[in-house]
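Written below as structure tokens is the structure these notes are about.
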Number of protein chains: 2
Amino acid sequence: MQITTERLTTSLKSAGMRMTPQRAAICKALAESEAHPTAAMIYDELRPQFDSLSLATVYNTLEALVKIGVVNALGGAGDGSIHYDADTEPHVNLACISCNKIIDIPSSHVQQLDDEITSTSGYKLLGARVLYYGLCPECQKKQEN
Amino acid sequence: MQITTERLTTSLKSAGMRMTPQRAAICKALAESEAHPTAAMIYDELRPQFDSLSLATVYNTLEALVKIGVVNALGGAGDGSIHYDADTEPHVNLACISCNKIIDIPSSHVQQLDDEITSTSGYKLLGARVLYYGLCPECQKKQEN
DNA sequence: TTCTAAATTTAGAATTATTATAAACAATAA
DNA sequence: TTATTGTTTATAATAATTCTAAATTTAGAA
């Protein structure tokens, strides 16, 4: 599914938050990224456009999006930092513990799993993550040398 | 599946590492815990027995177990810390973002998912985690007040 | 048992991601 | 305009984890 910037910005607005140039840019960067970026990655990407941007603003905006439920916070990619994912549909993340990239891979079973947990857990569910980790083909080759 | 202390200690030995009282105690604490403990939790549990135990030793031992592949490192439980799980069979973790407890729940689909990813990813897989997060029944009640 | 070399533990310092704080700034509404 | 509230910013504080170097322990040989 294609994630739109508008989905994120309208979510913030309907949660009673004002739209600012910084927040709009953070939503856009996140929605258009394939890289499951960290706060620092978004900050670095936007810094050229917003000379005075603060990391705190990036964290605050991401935290708000997570709280609303339109963004998932993904830990455990091998680096010590949180990656953000604007795709909240059930899907599988595949992380390389060497280069720390995270990609999505399609799965025909993950939706059934999601239905099962949703109906049986007894929790008020706020999000999920399915993460597999290992060495990507490129890093496997590098390691052989 | 029941996790045995021996599985962890023999793994360390066959990886060429020496067995020490500290390492044995860390393996035992992890194997016998239901709580998906953090390094700090293991440290606190063992401190009474090992007066001079260092957190660095706990981290080193856990890191070795993760590298060998007999323990999984689970991030993203809502606190900022890594939880460790000696059960490496595919299963679902359910985390409460309020009290930060992690429990296992049974699932009839997670094994199929695991087979699918293992055969299609192209990665050299080292571990996996399936995490759902939300509010446990107790914390839901507390939040209503 | 004693000796030796290598591995391990330890205490504390360093690092790093994230959160908190308070002052400056911007936007909204009366 | 003015008051009010929300937001951004720079910086300080916090906390989990890793690093470092010295002291200790281990396994095995003598």
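Things worth noting here:
- Checked against the criterion of being away from DNA strand C (no atom under 12 Å from the Cβ), among the acidic types (Asp, Glu), open to solvent by less than 40 Å² (accessible area, probe 1.4 Å) and more than 14 Å from chain A (Cβ to nearest Cβ), segment B:42-50 contains not a single residue that satisfies it.
- Taken over segment B:69-98, the criterion of being more than 10 Å from DNA strand D (Cβ to nearest atom) and either of a type in the set (Phe, Trp, Tyr) or open to solvent by 50 Å² or more (accessible area, probe 1.4 Å) (or both) is satisfied by B:GLY78, B:GLU89, B:ILE97, B:SER98.
- Inter-residue pairs, beta-carbon under 8 Å, first over 14 Å from A:ALA24 (Cα atoms) and in segment A:53-64, second open to solvent by 10 Å² or more (accessible area, probe 1.4 Å) and more than 7 Å from DNA strand C (Cβ to nearest atom), 6+ apart: A:LEU55/A:TYR43
- Taken over segment B:99-108, the criterion of being touching a helix residue (DSSP H, G or I) at 6+ places or on another chain (Cβ under 9 Å) and open to solvent by less than 40 Å² (accessible area, probe 1.4 Å) is satisfied by B:ILE105, B:SER107.
- Count of segment A:51-66 residues, restricted to those that are away from DNA strand C (no atom under 11 Å from the Cβ) and open to solvent by 50 Å² or more (accessible area, probe 1.4 Å), is 1.
- The listed residues are B:GLY122, B:GLY134, and the only one of them that is over 17 Å from the mean Cα position of the chain (by Cα), assigned to a strand (DSSP E or B) and without any contact (Cβ under 8 Å) to a residue 60 or more places away in the chain turns out to be B:GLY134.
- Residue pairs whose Cβ atoms lie under 8 Å apart, separated by 6 or more positions or on different chains, with the first residue in segment B:13-26 and near DNA strand C (Cβ under 8 Å from one of its atoms) and the second assigned to a loop (DSSP other than H, G, I, E, B), are B:PRO21/B:PHE50; B:GLN22/B:PHE50; B:GLN22/B:LEU53; B:ARG23/B:MET17.
- Residue-level check: of (1) modelled with pLDDT of 95 or more; (2) within 15 Å of the chain's Cα centre (by Cα), B:ILE68 misses just (1).
- Exactly one residue out of B:LEU46, B:LEU94 is aliphatic (A, V, I, L, M) and under 25 Å from B:CYS136 (Cβ atoms), and it is B:LEU94.
- Taking first residues from segment B:86-111 that are more than 12 Å from A:LEU113 (Cβ to Cβ) and partners that are open to solvent by 50 Å² or more (accessible area, probe 1.4 Å), the Cβ contacts under 6 Å between residues at least 6 apart in sequence or on separate chains come to B:GLU89/B:MET1; B:LEU94/B:ILE103; B:ILE97/B:GLY78; B:ASN100/B:GLY78.
- Restricted to strands (runs of 3 or more DSSP E) entirely inside segment B:72-112, those with at least 1 residues that are among the polar types (S, T, N, Q) and in contact with a Ser or Thr (Cβ under 7 Å, 6 or more places away or on another chain) are B:72-74.
- Under the condition of being farther than 20 Å from A:HIS109 by Cβ and either at the interface with chain A (Cβ under 9 Å from one of its Cβ atoms) or out of contact with any Gly (no Cβ under 7 Å at 6 or more places or on another chain) (or both), the residues counted in segment B:96-120 number 7.
- The residues of segment A:121-145 that are facing another protein chain (nearest Cβ under 7 Å) and open to solvent by 70 Å² or more (accessible area, probe 1.4 Å), listed by number, are A:LYS124, A:LEU126.
The values are calculated or read from the model by the stated rules, or taken from the named source; none is laboratory data. Here the structure is a predicted model, which is why all the values come from computation and not from measurement. Glycine also receives a Cβ, built like all others from the backbone with ideal geometry; neighbour counts cover every protein chain displayed. Note: accessible area is taken over every heavy atom of the protein model, side chains too, but ligands, DNA and RNA are not part of it. Shrake-Rupley method; radii C 1.70, N 1.55, O 1.52, S 1.80 Å.
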